[in-house]
Amino acid sequence: MYKRAEYQVIKNRLEEPRKFIQVVMGARQIGKTKVVEQVLNDLTEPYKSFSADNVPTTNSAWISNCWAVARSLMDGNHLDCIILVIDEIQKISNWGEVVKKEWDDDTFNNRNIKVLLLGSSRVMLFKGLSESLAGRFEEIRMSHWSYKEMKECFGFTLDQYIFYGGYPGAASLIGDNDRYQQYIQSSIIDATLNKDVLLDTPISKPSLFRQTFELGAAYSGRILSLNKMIGALQDAGNTSTLAGYLNLLDESGMLCGLQKYSIDMARRRASIPKLQVYNNALKMVYSPLTFEQAVLNRKAWGHIFESGIGAYLVSQAFIHRLDVFYWRDRNDEVDYILRKKGSVIAIEVKSNAEKRTEGLEKFKEVFKPKLALIVGDGGMLAEDFLSMDINKMF
């Protein structure tokens, strides 16, 4: 069975002496639960696993009951250690406070209960962690599958990865376009928007929130002002409303609005966003083109290709805590700018369609990046770029 890189990270953390709560976070349908199951099956220490999927959100006592079961097993079987795993923890109201109480009680009474929490809503996870568990947890971030993983596990070609994205559950469905699109729509988009966001976050115009995602996904890889988005949406609010929606979609691992790169932070925040999905499947589900049609359409494939590279970059940025921007000055433009601890990398994406690269030279002249490269025609092969460790470029 295929094991993602996070398998070893989680296994190593759980084999260490009890010190921090381990929190595995990431978007829906990327295999978080499966990786944890693989780790638990390979460990020698006993464990008890629970899921909050069908638990009422107001039943915070359920978390304490999970802890009580783990403690009973530990005492009844005279165990030196037990691992407690709780999946979809963010669905329980006030979960952070309850976890803090039980964890601190174990610490005070020297109980060796290691805790692993999982969640698909980054919004609610971050809220609970920051409000209640400061200093008590470590994050293990997981994101969408890379080209290398989809190739090794499912035999995806580069073009298939660019078009269909990196959802493992959808890999077996790409031969049936209707089934594939239904899976992406119901299991990922609807589930994330309805369960992870709308259920937990007060939104005055749910239909506008969904329209914002659909428009943003369709325009992924393109620069689109919030005012233009308002003009294209029905029942639109103001730019602040749309900006807030984009932030929620970003925190949910669905769609983000990249800021223009600038030394001046105020100018970055005031810039027109470049819309970018975290997985190209979220863009292509709204496309009228089939895979075969898209590959043969040079202009359309250029946009799809750029969005696919961008999806990989923002997903890697979540894992490695990088900042991603774009840059434009009049007619000069660079598709993606990566930044980490002051080091800057400029990336220009070229597909089979002609594209100017004067912007990359201008950016190098003005900002002196650590590295500037072209991905695609005339530069590094996309297969090589998508297979490398982005973090090592810094």
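For Val334, indicate whether it is crowded, with 17+ Cβ neighbours inside 10 Å, closer than 28 Å to Val23 by Cβ, at pLDDT 95 or above and not charged (D, E, K, R). No, not satisfied.
Residues that are at pLDDT 95 or above and farther than 26 Å from Ala134 by Cβ do occur in the stretch 59-69.
Among the residues of the stretch 177-210, just one is exposed (fewer than 12 other Cβ atoms within 10 Å of the Cβ) and at pLDDT 95 or above, namely Ser186. Examine the stretch 85-97 for a residue that is touching a residue at least 60 places away in the same chain (Cβ under 8 Å), outside any helix (DSSP H, G or I), more than 23 Å from the chain's Cα centre (by Cα) and within 22 Å of Met25 (Cα to Cα), and state whether such a residue exists. Scanning the stretch 85-97, I find no residue that is touching a residue at least 60 places away in the same chain (Cβ under 8 Å), outside any helix (DSSP H, G or I), more than 23 Å from the chain's Cα centre (by Cα) and within 22 Å of Met25 (Cα to Cα), so the answer is no.
State yes or no: is Arg321 on the phi > 0 side of the Ramachandran plot and touching a residue at least 12 places away in the same chain (Cβ under 8 Å)? Outline the logic, then answer.
Details: on the phi > 0 side of the Ramachandran plot: yes; touching a residue at least 12 places away in the same chain (Cβ under 8 Å): yes.
The answer is yes for Arg321.
Taken over the stretch 154-193, the criterion of being under 22 Å from Ala382 (Cα atoms) and outside any loop (DSSP other than H, G, I, E, B) is satisfied by Phe154, Leu158, Asp159, Gln160, Tyr161, Ile162, Phe163, Tyr164, Pro168, Ala171.
Within the stretch 305-320, restricting attention to residues that are over 17 Å from Glu348 (Cβ atoms) and in contact with a Leu (Cβ under 9 Å, 6 or more places away or on another chain), which residue is surrounded by the most Cβ atoms within 10 Å (Cβ to Cβ)?
Here the residue is Ala317.
Within the stretch 208-245, being closer than 22 Å to Gly310 by Cβ, polar (S, T, N, Q) and assigned to a helix (DSSP H, G or I) holds for Gln211, Thr212. Scanning the stretch 100-111 finds no residues that are open to solvent by less than 10 Å² (accessible area, probe 1.4 Å) and within 27 Å of the chain's Cα centre (by Cα).
Among all residues of the stretch 123-138, there is at least one that is touching a Ser or Thr at 6+ places or on another chain (Cβ under 7 Å) and in contact (Cβ under 8 Å) with a residue 12 or more places away in the chain.
Scanning the stretch 160-176 for residues that are under 21 Å from the mean Cα position of the chain (by Cα) and either over 18 Å from Phe318 (Cα atoms) or open to solvent by 20 Å² or more (accessible area, probe 1.4 Å) (or both) turns up Gln160, Tyr161, Ile162, Phe163, Tyr164, Pro168, Gly169, Ala170, Ala171. Residues of the stretch 1-32 that are assigned to a helix (DSSP H, G or I), closer than 23 Å to Arg71 by Cα and touching a strand residue (DSSP E or B) at 6+ places or on another chain (Cβ under 7 Å): Ile10, Arg13, Leu14.
Quick check, is Lys48 open to solvent by 40 Å² or more (accessible area, probe 1.4 Å) and assigned to a strand (DSSP E or B)?
Against the criterion (open to solvent by 40 Å² or more (accessible area, probe 1.4 Å) and assigned to a strand (DSSP E or B)), Lys48 qualifies.
Residues in the stretch 356-387 that are surrounded by 14 or more Cβ atoms within 10 Å (Cβ to Cβ) and either β-branched (Val, Ile, Thr) or not in a helix (DSSP H, G or I) (or both): Thr357, Pro369, Lys370, Ala372, Leu373, Ile374, Val375, Gly376, Asp377, Gly379, Met380. When we screen Glu333, Glu348 for residues that are among the acidic types (Asp, Glu), in contact with a strand residue (DSSP E or B) (Cβ under 6 Å, 6 or more places away or on another chain) and either without any contact (Cβ under 8 Å) to a residue 60 or more places away in the chain or in a strand (DSSP E or B) (or both), the only hit is Glu348.
The values are calculated or read from the model by the stated rules, or taken from the named source; none is laboratory data. Owing to the predicted nature of the structure, the values given are computational and were not obtained by experimental measurement. FYI the Cβ positions are ideal-geometry reconstructions off the backbone, even for glycines, and counts take in every protein chain you see. In case anyone asks, the SASA skips ligands and DNA or RNA and just uses the protein heavy atoms, side chains included. Shrake-Rupley method; radii C 1.70, N 1.55, O 1.52, S 1.80 Å.
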